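Structure first, commentary second.
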Amino acid sequence: MGRASVCATFDVPMQVPARHRVTFTRDVFDPGNPALAQALSGSARCIAFVDDGVAEAHPQLAVALGRSLAARPGMPELCGVERVPGGERAKAGMDVPDRVVRATVDHRIDRQSCVIAIGGGAVLDAVGFGAAIAHRGCRLVRLPTTVLSQDDAGMAVKNGINLGRRKNYVGTFAVPHAVICDEAFLESTPEWSWIGGFSEAVKIALLRDPALLAHIERDAAAIRARDMHAAMTVIVRSAELHWRHIALGGDPFETQSARPLDHGHWLAHRLEGLTDGALPHGQAVAIGIAVDTAYAANAGMLAPAEADRVMSVLRALSLPTSHPLLSDPDALVAGLEEFREHLGGRLTITLLRAVGDPVDVHELDERLLRGAIASLAG
Ligand SMILES: NC(=O)c1ccc[n+]([C@@H]2O[C@H](COP(=O)([O-])OP(=O)(O)OC[C@H]3O[C@@H](n4cnc5c(N)ncnc54)[C@H](O)[C@@H]3O)[C@@H](O)[C@H]2O)c1
Ligand SMILES: [Zn+2]
């Protein structure tokens, strides 16, 4: 007789407690504004990393941040304000996360101290990755500075950098300590960035909120003209819908292969890859939505009048619905398999049956897809 082995299985559902705090405000560094103080309270030290595009447009930012902390009792010591490259350059390898990790060592930023990331979605992703791996997670306070990062990316509970052409291949899921969206930053964003960010608001309106779509349709001209009230109404609602899905939708760390908010994204990812990032994410999403809409209409899922409505709202915002690469359908159709790999399971594409009525499909008819692409080419 052999010795009895000691076997045991432990299997209990586990919940990780977290809060996802998001504030929309204006003039965050005004000493009378409580948002930053609330986010930083309880931290002894902090260090800030600023997108260089933001630093150029707001040369007084470091001084204003320092003054804002000095003006209030009990605020953390500001150990430094460092510039990092803005846009996809921030995510082109480990440079930015390495700098964040090294700074946490040099300035004794512990797990109760804060890393403050100020910038567009790319800088938030790269700095956030560094903050997530230093000490296995320091507090990250995000200040998103573009439309896209305020109406979508800043609400995310993930971060990452690119591995060559593989976007966001290296990263972690991590809930930020706080997110503060200051509308004043949006005033200095370049035109393409301003408009591009609204494609994510159109996307979520199509999926979840017909009233938001009607609002965008009504205010498209005002949004294009940078009317801040019209824009912020849409941005805050879009952020709330993204936030609700992430915080309350039951799959914050994306363990399922369905990505209900990735409407239009299979093609967007492909176009961004094929253009080596020259086509910004927001514009790529608009083209992706247009192609998925044309497909759903060709497949008889979506009424032609609804499809026309989608195309019209994109055009009313000056978002693109076409691209020279649409004349190369072979290159685009290959994006479906790439997207399946990205989801890590069964291909799941979210299409529309009507505004506010999405449906997941697991394959696309290639003939109809090629027809949809051709109908928008040129
Ligand atoms: N973590 C997520 O879940 C998530 C979700 C969506 C998108 N993203 C990522 O977000 C990135 C796109 O972010 P984005 O659209 O915010 O653009 P971006 O971060 O690429 O920034 C675009 C440009 O705008 C500049 N800029 C930023 N704010 C500015 C300001 N206030 N004034 C002047 N210039 C400013 C930057 O320097 C940069 O040159 C992509 O890398 C994408 O993968 C992440
Ligand atoms: Zn997106």
(request) Quick one: His135 ticks every box in (1) farther than 23 Å from Leu241 by Cα; (2) within 10 Å of ligand 1 (Cβ to nearest atom) except a single one, so which number is it? (result) (2)
(message) Testing Ala90 on (1) small (Gly, Ala, Ser); (2) assigned to a helix (DSSP H, G or I); (3) farther than 22 Å from Val175 by Cα, one condition comes back false. Which one is that?
(response) (3)
(message) What are the pairs with Cβ atoms under 7 angstrom where one residue, in segment 272-289, is on the phi > 0 side of the Ramachandran plot and the other, located anywhere, is surrounded by 19 or more Cβ atoms within 10 Å (Cβ to Cβ)? Sequence gap at least six, or different chains.
(response) Gly277/Glu88
(request) Considering only segment 22-37, state which residues are exposed (fewer than 15 other Cβ atoms within 10 Å of the Cβ) and within 20 Å of Arg142 (Cβ to Cβ). (result) Arg26, Asp27, Pro34
(message) Condition first: within 12 Å of ligand 1 (Cβ to nearest atom), of a type outside the set (Gly, Ala, Ser) and assigned to a helix (DSSP H, G or I). Can you find one or more residues in segment 159-181 that meet it?
(response) no
(message) Of everything in segment 291-338, what is part of a helix (DSSP H, G or I), polar (S, T, N, Q), in contact with a helix residue (DSSP H, G or I) (Cβ under 8 Å, 6 or more places away or on another chain) and over 15 Å from Ala268 (Cα atoms)? Give them in sequence order.
(response) Asn298, Ser312
(message) Between a residue in segment 147-158 that is assigned by TED's automatic domain parsing to the domain that holds Gly120 and any residue that is charged (D, E, K, R) and more than 8 Å from ligand 1 (Cβ to nearest atom), which pairs come within a Cβ distance under 6 Å, given they are 6 or more apart or on different chains?
(response) Gly154/Arg142
(message) Name the residue that is surrounded by the most Cβ atoms within 10 Å (Cβ to Cβ), counting only residues in segment 251-275 that are outside any helix (DSSP H, G or I), within 13 Å of ligand 1 (Cβ to nearest atom) and of a type outside the set (Phe, Trp, Tyr).
(response) Gly264
(request) Assess whether Ala122 counts as being out of contact with any Gly (no Cβ under 8 Å at 6 or more places or on another chain), assigned to a helix (DSSP H, G or I) and either aliphatic (A, V, I, L, M) or within 14 Å of ligand 2 (Cβ to nearest atom) (or both). (result) no
(message) Can you tell me which of (1) within 21 Å of the chain's Cα centre (by Cα); (2) not in a helix (DSSP H, G or I) is the one Glu341 doesn't meet?
(response) (2)
(request) Kindly indicate the residue of segment 217-244 that is under 24 Å from Ile349 (Cβ atoms) and in contact (Cβ under 8 Å) with a residue 40 or more places away in the chain and also surrounded by the most Cβ atoms within 10 Å (Cβ to Cβ) among those meeting that condition. (result) Ser238
(request) Determine which single condition Gly137 fails, assuming it passes every other condition in (1) crowded, with 24+ Cβ neighbours inside 10 Å; (2) out of contact with any strand residue (DSSP E or B) (no Cβ under 8 Å at 6 or more places or on another chain); (3) over 21 Å from Val236 (Cβ atoms); (4) not β-branched (Val, Ile, Thr). (result) (1)
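Residues are listed down the side, and each one gets a yes or a no for (1) buried (at least 24 other Cβ atoms within 10 Å of the Cβ); (2) near ligand 1 (Cβ under 9 Å from one of its atoms); (3) free of Cβ contacts under 8 Å to residues at least 60 places away in the same chain:
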site	(1), (2), (3)
Arg45	no, no, no
Ala55	no, yes, yes
Ala62	no, no, yes
Leu69	no, no, yes
Gly87	no, yes, yes
Asp98	no, no, yes
Arg111	no, no, yes
Gly119	yes, yes, no
Ala131	yes, no, yes
(request) Mind counting the residues in segment 207-250 that are of a type in the set (Asp, Glu), assigned to a helix (DSSP H, G or I) and over 19 Å from Ile180 (Cβ atoms)? (result) 2
(request) Go through the residues of segment 178-193 one by one and say whether even a single one is within 15 Å of His281 (Cβ to Cβ), more than 16 Å from ligand 2 (Cβ to nearest atom) and buried (at least 22 other Cβ atoms within 10 Å of the Cβ). (result) yes
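The values are calculated or read from the model by the stated rules, or taken from the named source; none is laboratory data. Please read all numbers here as calculations on a predicted model, not as lab measurements. In this analysis, Cβ positions are derived from the backbone assuming ideal geometry, glycine residues included, and neighbour counts consider all displayed protein chains.
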